[in-house]
1. Which ³J(HN,Hα) values, rounded to whole Hz and listed in residue order, are derived for the range 3-15 from phi using the Karplus coefficients 6.51, -1.76 and 1.60 in 6.51 cos²θ - 1.76 cosθ + 1.60 with θ = phi - 60°, glycine and proline given as x?
2. How big is the accessible area of F25 in square angstrom, nearest 10, if you roll a 1.4 angstrom probe over the protein chains?
Amino acid sequence: MNILIQNILVILIFAIAIGFLIKKFFWRTSSTSSASKKPSNSCGSDGCGCH
C-alpha cells in the first residue's frame, strides 16, 4: 500500500510540473504577451532614452 501511494504522488507531482512548464512556455495569450512589453521612455526616434 505504501508503494502505491508513493507512485500516485510521483505521478501527480510530475503531471503538475509538466502542466506548469506547458503553461509557462507554450500557453501564450494576447493579454500576457502585451503585458510583458514595457512602455518606451525614450524621447526621440532613435530610442536612446536620454530624457
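The values are calculated or read from the model by the stated rules, or taken from the named source; none is laboratory data. Just so it is clear, the structure is predicted and the values come from calculations on it, not from any experiment. We work out accessible area using only protein heavy atoms, side chains counted, and drop any ligands, DNA or RNA first. Shrake-Rupley method; radii C 1.70, N 1.55, O 1.52, S 1.80 Å.
1. Ordered by residue, 3J(HN,Hα) equals 5, 5, 5, 4, 5, 5, 5, 5, 5, 5, 5, 5, 5 Hz.
2. 120 Å²
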